[in-house]
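A short worksheet on the structure shown next.
The values are calculated or read from the model by the stated rules, or taken from the named source; none is laboratory data. Fair warning: this is a prediction, and the values are worked out from it, not measured in the lab. All Cβ positions, glycine included, derive from the backbone under ideal geometry; neighbour counts span all protein chains shown. Heavy atoms of the whole protein, side chains included, go into the accessibility calculation; ligands, DNA and RNA do not. Shrake-Rupley method; radii C 1.70, N 1.55, O 1.52, S 1.80 Å.
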Amino acid sequence: MVQADQVHKYFGRLEVLRGIDLTVPAGQVCVLLGPSGSGKSTFLRCINHLEKVTSGRIWVGGELIGYRQRGDKLYELHDKQIAEQRRDIGMVFQRFNLFPHMTALQNVMEAPQRVKGESKEEVRERAKALMNRVGLADKQDSYPAQLSGGQQQRVAIARALAMRPKLMLFDEPTSALDPELVGEVLDVMQGLAGEGMTMIVVTHEIGFAREVGNQVVFMDAGVVVESGRPRDVLENPQHERTRAFLAKVL
Ligand code: ADP
Ligand code: MG
């Protein structure tokens, strides 16, 4: 579902991603670990073309992100085509970014409604089903300010799912939450994984990585230091940098 091939990213002269390779098969969960500043968020943002790669290629569902290839030349896609690609990729951030003046249900309905082709009734039914799926059937008419952080984050997940993405990206989805609210969000993500959603998750929740991840990738300073099955990487890390990081977060 996701293939990244030698992704490099510079901000000015700072090389933030230094040749990232990654493969995530359909239906699998890849957990990205790494210290702050190692390039995790930048890499996720490259996957849905919120950032442009400096070089390298990323495919999602067989589609080259941001470019069309003819022969060995790459042509940049138009904004409309990039927007279309982005619709297939759901993203959930550390901060929930819900629209404060809309109810939870309206937040979930907003994006699919903007995209033509579906009736409001269809979108509403799907949004209600999604609110139910994230355990918030009784909160659909609440405004974000009336919800806890964990509830807001679950609405944010429902909102991303409303576009029927083929891939979900999570960037530290529980880092801004009070500890007692972390579990309810991880439970929703685990459920989603169980239903076969392909996911890339940046998190420091090692328990989640171990139980839900099919693959753990440890990044440091813009490179993949090591990757593999969660129990191999987490219990038997091969590199000193991985060991030092795990000692801090475990
Ligand atoms: P992580 O998510 O692993 O903490 P980031 O991808 O956010 O790491 O950042 C990696 C590096 O890139 C950091 O040094 C950060 O300061 C830098 N960086 C991120 N975004 C930008 C930007 N828009 N402009 C300049 N530097 C950036
Ligand atoms: Mg980050």
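For the range 212-221, the condition of being within 13 Å of ligand 1 (Cβ to nearest atom), outside any helix (DSSP H, G or I) and either at pLDDT below 95 or out of contact with any helix residue (DSSP H, G or I) (no Cβ under 9 Å at 6 or more places or on another chain) (or both) holds for none of the residues. For Phe96, all conditions in the list (1) open to solvent by less than 40 Å² (accessible area, probe 1.4 Å); (2) without any contact (Cβ under 8 Å) to a residue 12 or more places away in the chain hold save one; what is the number of the exception? The number of the failed condition is (2). Taking the range 8-63 as the range and being assigned to a strand (DSSP E or B), β-branched (Val, Ile, Thr) and either within 25 Å of Glu195 (Cα to Cα) or away from ligand 2 (no atom under 16 Å from the Cβ) (or both) as the test, the residues that pass are Thr23, Val24, Val29, Val31, Ile58, Val60. For the range 227-241, a residue qualifies if it is assigned to a loop (DSSP other than H, G, I, E, B) and open to solvent by 50 Å² or more (accessible area, probe 1.4 Å), and the qualifying residues are Arg229, Asn236, Gln238, His239.
Looking only at the range 169-187, which residues are in a helix (DSSP H, G or I) and under 18 Å from Met91 (Cβ atoms)? Within the range 169-187, Val185, Leu186 meet the criteria. Among the criteria (1) acidic (Asp, Glu); (2) modelled with pLDDT of 95 or more; (3) within 28 Å of Lys40 (Cβ to Cβ), the one Glu76 does not fulfil is (2).
Each residue in the range 135-168 was checked for being part of a loop (DSSP other than H, G, I, E, B) and either within 27 Å of Leu32 (Cα to Cα) or touching a residue at least 60 places away in the same chain (Cβ under 8 Å) (or both), and 7 of them qualify. The residues of the range 165-185 that are touching a Leu at 6+ places or on another chain (Cβ under 8 Å) and either surrounded by fewer than 21 Cβ atoms within 10 Å (Cβ to Cβ) or not hydroxyl-bearing (Ser, Thr, Tyr) (or both), listed by number, are Met168, Leu169, Asp171, Val185.
When Thr198, Thr203 are checked against the criterion of being modelled with pLDDT of 95 or more, open to solvent by less than 10 Å² (accessible area, probe 1.4 Å) and away from ligand 1 (no atom under 16 Å from the Cβ), Thr198 stands alone in meeting it. In the set Val60, Val53, only one residue is more than 24 Å from Thr242 (Cβ to Cβ), surrounded by 13 or more Cβ atoms within 10 Å (Cβ to Cβ), within 16 Å of ligand 1 (Cβ to nearest atom) and under 18 Å from the mean Cα position of the chain (by Cα); that residue is Val53. Kindly establish whether Val224 is open to solvent by 40 Å² or more (accessible area, probe 1.4 Å), within 16 Å of ligand 1 (Cβ to nearest atom) and either closer than 24 Å to Pro35 by Cα or outside any helix (DSSP H, G or I) (or both). When the stated conditions are applied, Val224 passes them. Return yes or no: is Ile89 touching a residue at least 60 places away in the same chain (Cβ under 8 Å) and either surrounded by 17 or more Cβ atoms within 10 Å (Cβ to Cβ) or hydroxyl-bearing (Ser, Thr, Tyr) (or both)? Answer is yes for this residue. Confirm whether Ala83 is away from ligand 1 (no atom under 16 Å from the Cβ), among the aliphatic types (A, V, I, L, M), open to solvent by 50 Å² or more (accessible area, probe 1.4 Å) and outside any strand (DSSP E or B). No.
Scanning the range 91-134 for residues that are outside any helix (DSSP H, G or I) and either under 20 Å from the mean Cα position of the chain (by Cα) or modelled with pLDDT under 95 (or both) yields a count of 15.
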